[in-house]
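> What follows is a single structure, and I will ask about it in a moment.
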Amino acid sequence: MAQQTAIFNEEQIDPRDIGTPDDWVPRHPDLIRLTGKHPFNCEAPLPLLLEQGFITPTSLHYVRNHGPVPKLSWDTHKIVIDGDVPNPLTLSMDDLASFPYLEFPVTFACAGNRRKEQNMIKKTIGFNWGPAGVSTAVWKGVPLRYILQLAGVKVDDNYKKTRYVCFDGADKLPNGVYGTSITLKWAMDEERDVMLAYEINGKRLTPDHGFPVRMIIPGIIGGRMIKWLNRITLSDKESDSWYHFHDNRVLPPNVDAELANKEKWWYIPKYIIYELNVNSAIAAPAHDEIIPFSRLTNNSEYTLKGYAYTGGGRKVTRVEITLDDGKYWFLADLYDPVEHNGRSWCWTFWSLTIPTHSFLRCKEFRVRAWDSAHNSQPEDPTWNVMGMMNNRQYRVKVHFITSGTDVSLKFEHPIQPGNNPGGWMAAQQPSVPAPAPKPAIKNESSSKVPTFTLEQVGKHKLESDCWIVVNKKVYDCTKFIPVHPGGATAIRINAGTDCSEEFNAIHSEKARKLLDKFYIGDLEDSKKSKL
Ligand code: HEM
Ligand SMILES: Nc1nc2c(c(=O)[nH]1)N[C@H]1C(S)=C(S)[C@@H](COP(=O)(O)O)O[C@H]1N2
Ligand SMILES: [Mo]
């Protein structure tokens, strides 16, 4: 079934971006926004993503921005290569484009891909990625090795002691520069294919994907492929960026946000994520897809489809589907793997054709992939505070629906991305009402909580005087703006408004508790006030 898609006009600005710092960045209207209006984090609807084929068009590639997109120009942008190198360098974009280059497809996956399934078990500190935080594009750029050699680094320097190559982006974030690092040994290894990319799918990078230049480190999580790259530093220490430590880690399941901070779990080296783990998802049948009864009785067939990927240059070697809770596993057909000099940096698509009536005896089916190191996917997930690397077997439920004398089948995926409703995991969620906070305004003389109309709230829409409404309660979050982990802009653009839906979609339990500190009263019930 072909997806209805909006036409993407490369010049058109989405109305949702007006009033944000990204009001100059063209974006495809079909992308599902996962963190409200700003910053921009999005994925394509899963069936639409798969329908694009092996290479994802740039406009539908998922985007993960921690803050506003920096406005950079090809003509003036420079990359500094410094630190412990014999000849520090400053390179222009024209310099980069004149060097030898590599060009090959690489699959990106955010370490948070499929996080919403974890959030349904218990809210993590991350927002709701569905299963399309993954995409594949053809990247062209200069080998990092080549640049480091220009700076005088010798290939065998790195065997003396561990040294690191640190990368910084140009985006301005609440906790400083977005940066990370890899070992020098890795950077110099020809087999690793690390590069500084200035083209995606045959064109210059788009603003959301790092224009004019970004890191490509194949086989690992997207989070280390620094966009808007402006500095490469050689050091005997790993990156000192706040984000290198507080993002993209898998902590043990008993460690929550409070404990992680208190006991400094973020700084334990072994919990860092580099290589992707093996993962897969089902795109067809899609969520809410219906098979009419007529197709169940004749000899029709149905083709299940999806993606699978793994990390570290390993190959996906098999993909299996069970229709009977793991008693029997069907072997799916795999598309020919696409490789770069024998390394496997890309996802693969799989399909399995079965008689349509096989669904009749089935309540749930699920997929698991295997890779060349014989890693596979767990039946159940292990929750972790950042909700990273979720690769539990992807489960789709089968429901009978009757209308009159008609019987048909309907499929239900675990979740729908962002704050979109639907999914059997969402349906299983207990709805626990949060205890009412006490307002910060001391009103000892009366026990009455102050109430405000939306109109009154609307008057406090400045960064220096900022009220918001969340779940019918009014908060004065002026003092929190400068230290907000999601950036000042995310709050500022909602000042004076009811942003319950966005707030609820993005935040953890910890954030909700924090919000209580800013409670000043209730929103006046509009029905009551009319009376
Ligand atoms: C006083 C009000 C607020 C508080 C206390 C607060 C708190 C937090 C906290 C603690 C985080 C880190 C992640 C987490 O623990 O959940 C966060 C992230 C974030 N917040 Fe807020 N927040 C507030 C208001 C808002 C508003 C009004 C918006 C916009 C609707 C917003 C958008 C975001 C975004 C986009 C992120 C970053 C998500 C990411 O990139 O990982 N916040 N906030
Ligand atoms: N400078 C910078 N680089 C960044 C990020 C960022 O916010 N700033 N996000 C990272 C994360 S977490 C991911 S998953 C990838 C996403 O790349 P994409 O937006 O091109 O898909 O970029 C990474 N590089
Ligand atoms: Mo990411």
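A short reminder: the numbers here are calculations on the coordinates, not readings from a lab. The structure displayed is predicted, hence computed values, not measured ones. Cβ atoms come from the backbone with ideal geometry, glycine included; neighbour counts cover every protein chain shown.
> Please name which of Ile79, Met93, Phe8 has its Cα lying farthest along the dipole of region 1-94 towards the positive end, using unit charges on Cβ (Lys, Arg +1; Asp, Glu -1) and the Cα centre as origin.
Phe8
> In addition: I need the phi-derived Karplus couplings for region 364-374: 6.51 cos²θ - 1.76 cosθ + 1.60, θ = phi - 60°, integer Hz, Gly and Pro marked x.
Running phi through 6.51 cos²θ - 1.76 cosθ + 1.60 with θ = phi - 60° gives 7, 10, 8, 10, 9, 10, 10, 10, 5, 8, 6 Hz.
> Skipping prolines and chain starts, which residues have an amide H placed within reach, meaning under 5 Å, of the one on Gly521, given they are 5 or more residues away or on another chain?
Long-range HN contacts for Gly521: Val474.
> What spacing in nm lies between the two simple spin-label points modelled at Glu190 and Arg204, each 7 Å away from Cα in the Cβ direction?
In this crude spin-label approximation the distance works out to 3.3 nm.
> HN-Hα J couplings of region 20-31 from phi, Karplus 6.51/-1.76/1.60, θ = phi - 60°, integer Hz, Gly and Pro as x?
10, x, 9, 5, 10, 9, x, 9, 6, x, 7, 5
> Provide the packing ranking of 102-111, 127-136, i.e. peptides ordered by the mean count of other C-beta atoms within 10 Å per residue, highest first.
Peptide ranking by packing, descending: 127-136, 102-111.
> Long-range amide H contacts for Glu364: which residues qualify at under 5 Å (H placed 1.01 Å from N, peptide plane, sequence gap of 5 or more or a different chain)?
Correct list: Val398.
> Number of Lys-Lys pairs in region 207-317 under 25 Å by Cα, sequence gap 8 or more or different chains?
Taking the Cα cut-off of 25 Å, the pair count is 8.
> Mind running the shape call on region 279-417? Use the C-alpha gyration tensor, a ≥ b ≥ c as the square roots of the eigenvalues: rounded below 1.5 for a/c, prolate if a/b tops b/c, oblate otherwise.
Prolate is the answer for region 279-417, as a/c is 1.5 or above and a/b outweighs b/c.
> Stretched out fully, how many nm does the piece from Asn375 to Leu360 gain, at 0.36 nm a residue minus the Cα gap?
2.3 nm
> A follow-up question, please. Residue by residue through region 469-486, which ³J(HN,Hα) values in whole Hz follow from phi under the Karplus form 6.51 cos²θ - 1.76 cosθ + 1.60 (θ = phi - 60°), with glycine and proline marked x?
The phi angles translate into 10, 10, 6, 6, 10, 9, 10, 9, 9, 3, 5, 8, 3, x, 10, 4, x, x Hz.
> Taking the Cα centre of region 19-170 as the origin and placing charges on Cβ (Lys, Arg +1; Asp, Glu -1), which of Cys42, Gln118, Leu144 is farthest toward the positive end of the dipole?
Towards the positive end, the residue furthest out is Gln118.
> Expressed in nm to one decimal, what extension gain is obtained for the pair Asn254 and Lys513 from 0.36 nm per residue of sequence separation less their Cα-Cα distance?
Gain on extension, Asn254 to Lys513, equals 91.3 nm.
> I've got another one for you. With a point put 7 Å past each Cα toward its Cβ, work out how far Ser500 is from Tyr146 in nm, to one decimal.
5.6
> Is the shape of the chain rounded, prolate or oblate, going by the alpha carbon gyration tensor and its root eigenvalues a ≥ b ≥ c, with a/c under 1.5 for rounded and a/b larger than b/c for prolate?
The shape class here is oblate.
> Hey, another quick one. At 0.36 nm per residue, minus the direct Cα-Cα distance, what do Trp329 and Asn87 gain on full extension? Give it in nm, one decimal, please.
81.4 nm
> Separate question: Might you report the magnitude of the Cβ-based charge dipole of the chain about its Cα centre, with Lys and Arg at +1 and Asp and Glu at -1, to the nearest 20 debye?
Roughly 1280 debye, rounded to the nearest 20.
> Once the dipole of the chain is set up with Lys and Arg at +1 and Asp and Glu at -1 on Cβ about the Cα centre, which of Phe480, Gly169, Leu234 lies farthest towards its positive end?
Towards the positive end, the residue furthest out is Phe480.
> Taking amide H positions as placed in the peptide plane 1.01 Å from N, state which residues far from Asn113 in sequence (5 or more) or on other chains have amide H under 5 Å from it.
Those qualifying (amide H under 5 Å, at least 5 residues apart or on another chain) are Met389.
> Find the Cα radius of gyration of region 451-530, compare it with 2.2 N^0.38 Å by division, and give the number to two decimals.
Ratio of Rg to 2.2 N^0.38 Å for region 451-530: 1.03.
> Turning to a different aspect of this structure: Which value, in debye to the nearest 20, gives the size of the charge dipole of region 180-327 about its Cα centre, when Lys and Arg are +1 and Asp and Glu are -1 at the Cβ?
Rounded to the nearest 20 debye, it is 360 debye.
> Suppose R0 equals 25 Å; then what is the FRET efficiency for Ile55 and Ser351 from their Cβ-Cβ distance, rounded to the nearest 0.05?
The formula returns an efficiency of 0.90 here.
> Measuring from centroid to centroid over Cα atoms, what is the spacing of region 154-233 and region 44-123 in Å?
9
> For Trp242 and Thr76, what does the FRET efficiency come to when R0 = 35 Å and r is the distance between their Cβ atoms, rounded to the nearest 0.05?
About 0.80, to the nearest 0.05.
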